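S.K.: If you scroll down you'll find the structure; I have some questions about it.
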Amino acid sequence: IHCNIIGSGIFISPKGVLDHAGSVGFSLIVWVLGGGICALGSLCYAELGVTIPKSGGDYSYVTEIFGGLVGFLLLWSAVLIMYPTTLAVIALTFSNYVLQPAFPNCLPPYIATRLLSTTCVMFLTWVNCSSVRWGTRIQDIFTVGKLLALVLIIVVGMVQIANGHYDALEPQTAFEFIKDPSVGQIALAFLQASFAYSGWNFLNYVTEEVVEPRKNLPRAIYISIPLVTLVYTLTNIAYFSSMSPQELLDSNAVAVTFGEKLLGVFSWVMPISVALSTFGGINGYLFTSSRLCFSGAREGHLPYLLAMIHLKSCTPIPALLVCCTATIVILCIGDTHNLINYVSFINYLSYGVTIAGLLYYRWKKPKLVRPIKVNLLVPCSYLVFWAVLLGFSLYSEPVVCGMGLVIMLTGVPIYFIGVQWKNKPHWISSAVERVTYLGQRLCYVVFPQDDPSEIQTPHTAFWNSKDLFSIRS
């Protein structure tokens with residue numbers, strides 16, 4: 001689980017956390033408390049994971065507890081906002097770290113970063129469309145990149161501190177505020193940190209595959225969350241051992257600036273390591289997001305074309321193309337800093353709804369067997385923090401955060417038209433059938449099921465399932 005959490009976020013978020021926190025000391029407190037909040041959320045998810053033993057994470061739990069509409073809204077926001085925006089941020093980070101050495105005294109050109117990001121996303125989409133094995137091998141190989149970069153930063157930073165270079169970390173200096181702090185800015189600092197911690201709930205997406213989840217889910221949480229919090233805090237301490245707060249804020253690629261100051265002729269190692277890390281991160285998120293599209297389509301919450309796989313390579317090509325297209329659109333309309341606030345707000349909203357579902361489920365089914373049952377203070381504490389964080393974030397960034405909320409709510413009419421409306425006119429079914437047939441022909445995809453009864457019945461589908469059997473045949 002810690003390999004899922006530790007990703008490219010730690011090379012992106014330090015600048016945003018420091019900018020909103022206002023001082024070195026307070027930014028370090030945000031990193032530590034951010035890990036604590038993740039631990040509370042993880043414990044709640046552990047209870048949900050063994051009480052509702054379904055893979056699929058938030059989507060499966062919320063659908064089971066609150067019904068189809070709320071589950072659909074989570075799926076809708078994940079497909080349109082969470083995964084594409086996260087992919088866009090990681091792709092922009094990849095291009096910034098690759099291009100920054102070529103532009104040492106200025107920001108890389110806007111067009112260059114977008115073109116390189118788009119090329120990277122399209123290439124990895126092609127890889128994942130071509131072969132599941134290629135995708136997983138890229139993930140295994142490029143995981144080394146992020147671990148190499150973090151180990152190098154922490155070791156070099158500790159050597160600097162041992163040699164007496166810790167002026168920015170002394171208490172009287174660390175809490176000198178660059179700008180006046182406010183509750184709203186502190187909330188945004190937590191949103192920036194939460195982007196780096198995202199991934200703490202990924203184990204719940206494969207709950208059915210976990211051996212002895214009653215033992216291993218809590219064990220994974222107790223080991224991984226403190227470890228990740230320690231690594232992230234030490235990484236930030238290492239940054240401040242060689243960079244002033246202003247230098248960090250002025251840097252477009254923090255790890256590159258760190259390497260240039262301390263590694264001398266070996267400074268090239270840092271951008272390469274981070275580029276490897278982000279390249280692997282894009283591949284991992286493409287893999288996960290396409291599988292979520294695939295699962296949602298099999299449940300009847302998305303068009304059935306997204307539940308089809310390639311006849312020979314068995315890859316979900318339509319789902320991958322949807323994820324790729326959404327990511328490229330978002331790449332063209334936002335900068336990294338605002339995109340992180342945007343996606344983190346929606347992520348936290350989803351976490352809070354899921355954990356509120358835990359309390360509702362306890363009230364709704366008090367006698368249900370729960371192999372793991374956390375103290376009520378855990379979900380209540382998380383929800384208090386959640387409400388304060390989202391409220392002040394929305395107040396501080398009403399346009400950025402509000403846009404995500406509006407896009408999520410557009411799923412309400414889509415749900416009632418696409419899923420709940422049972423007897424659609426024939427012309428709608430015919431149009432959907434033609435589009436699906438065309439998609440099958442273009443992508444050379446079919447349903448993975450051998451038994452047509454596994455398909456959802458018409459009242460839960462985006463269209464009448466018998467139309468799809470005729471396409472399939």
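The values are calculated or read from the model by the stated rules, or taken from the named source; none is laboratory data. Note that the coordinates shown come from a computational prediction; the quantities given were computed from them, not determined experimentally. Note that we place each Cβ from the backbone using ideal geometry, even for glycine, and neighbour counts take in every protein chain shown. Only protein heavy atoms, including side chains, enter the accessible area calculation; ligands, DNA and RNA are left aside. Shrake-Rupley method; radii C 1.70, N 1.55, O 1.52, S 1.80 Å.
S.K.: Quick one: accessible surface of M403, probe radius 1.4 Å, all protein chains present, in square angstrom to the nearest 10.
M.R.: For M403, the solvent-accessible surface is approximately 100 Å².
S.K.: Quickly rank 131-140, 392-401 as a protection proxy: mean count of other C-beta atoms within 10 Å, highest first. Kindly include the intermediate steps, with their values, before the conclusion.
M.R.: On the way: 131-140: 14.7, 392-401: 17.5.
Put in order of decreasing packing, that is 392-401, 131-140.
S.K.: Among R441, R298, what's the order by accessible area (1.4 angstrom probe), most exposed first?
M.R.: Numbers: R441 160, R298 90 Å².
Putting R441, R298 in descending order of accessible area: R441, R298.
S.K.: Could I ask something else about it? Step through the table entries K215/K373; K54/K367; K54/K215; K365/K422; K179/K261; K15/K261, compare each Cα-Cα distance with 23 Å, and write down the pairs that go over it. Numbers along the way, then the final one.
M.R.: Values: K215/K373 13 Å; K54/K367 19 Å; K54/K215 17 Å; K365/K422 30 Å; K179/K261 26 Å; K15/K261 17 Å.
As for pairs spanning more than 23 Å Cα to Cα, those are K365/K422; K179/K261.
S.K.: To the nearest 20 Debye, how big is the dipole of the chain about its Cα centre, given +1 on the beta carbon of each Lys and Arg and -1 on that of each Asp and Glu? Display every interim value, and only then the final one.
M.R.: Details: 26 positive and 23 negative charges, 283 e Å.
Magnitude of the dipole: close to 1360 debye.
S.K.: Per residue, how much accessible area does the range 13-137 show when a 1.4 Å probe rolls over the protein heavy atoms, in square angstrom? Can you show the working numbers first?
M.R.: Numbers: 4020 Å² over 125 residues.
Per residue, the range 13-137 has 32 Å² of solvent-accessible surface.
S.K.: Taking Rh as the Kirkwood radius, which is the inverse of the mean 1/r over Cα pairs, what is the Rg/Rh value for the range 252-366? All intermediate terms of the calculation are to be shown ahead of the outcome.
M.R.: Working: Rg = 19.9 Å, Rh = 17.8 Å.
We get a ratio of 1.12 for the range 252-366.
S.K.: Looking at the P(r) of the chain, how many percent of alpha-carbon pairs lie beyond 40 Å? Mind dumping the intermediate values first?
M.R.: On the way: 22995 of 111628 pairs.
It works out to 21 percent of all Cα pairs.
S.K.: Still on this structure, please answer the following. As a test of understanding, state the convex hull volume per residue of the range 44-121 from its alpha carbons, in Å³. Provide the component values of the computation, followed by the final result.
M.R.: Working: hull volume 9.8 nm³, N = 78.
Hull volume over Cα atoms, normalised by residue count, gives 126 Å³.
S.K.: Considering only protein heavy atoms, what is the solvent-accessible area of V388 at a probe of 1.4 Å, reported in Å² to the nearest 10?
M.R.: 80
S.K.: With a 1.4 Å probe and all protein chains in place, put I12, I178 in order of accessible area, largest first.
M.R.: Result of the area sort, largest leading: I178, I12.
S.K.: Compute the accessible area per residue over the range 351-425, keeping the other protein chains in place, probe 1.4 Å, unit Å².
M.R.: Numbers: 4270 Å² over 75 residues.
Counting only protein heavy atoms, the per-residue value for the range 351-425 is 57 Å².
S.K.: Would you be so kind as to identify all helices of the chain, as entire DSSP H runs, whose Cα atoms reach 15 Å or more along the helix's own axis and whose mean Kyte-Doolittle hydropathy is at least -1.0? Please list the in-between numbers first.
M.R.: On the way: long enough: 24-51 (41 Å, 1.64); 83-99 (24 Å, 1.18); 110-130 (30 Å, 1.01); 132-162 (46 Å, 1.43); 183-197 (21 Å, 1.31); 213-242 (44 Å, 0.50); 269-298 (44 Å, 0.76); 317-331 (21 Å, 2.59); 336-364 (41 Å, 0.29); 377-396 (28 Å, 1.68); 398-409 (16 Å, 2.38); 426-443 (25 Å, 0.04).
Both cut-offs are met by 24-51, 83-99, 110-130, 132-162, 183-197, 213-242, 269-298, 317-331, 336-364, 377-396, 398-409, 426-443.
S.K.: Once you order the gyration tensor axes a ≥ b ≥ c over the Cα atoms, which shape class does the range 207-276 get: rounded for a/c under 1.5, otherwise prolate or oblate by comparing a/b with b/c? It would help to have the intermediate numbers written out before the result.
M.R.: Numbers: a/c = 3.66, a/b = 2.40, b/c = 1.53.
Prolate is the answer for the range 207-276, as a/c is 1.5 or above and a/b outweighs b/c.
S.K.: I've got another one for you. Out of the total accessible area of the chain (probe 1.4 Å, heavy atoms of protein only), what percent is carbon and sulfur? Numbers along the way, then the final one.
M.R.: Details: 13650 of 20260 Å².
C and S atoms contribute 67 percent here.
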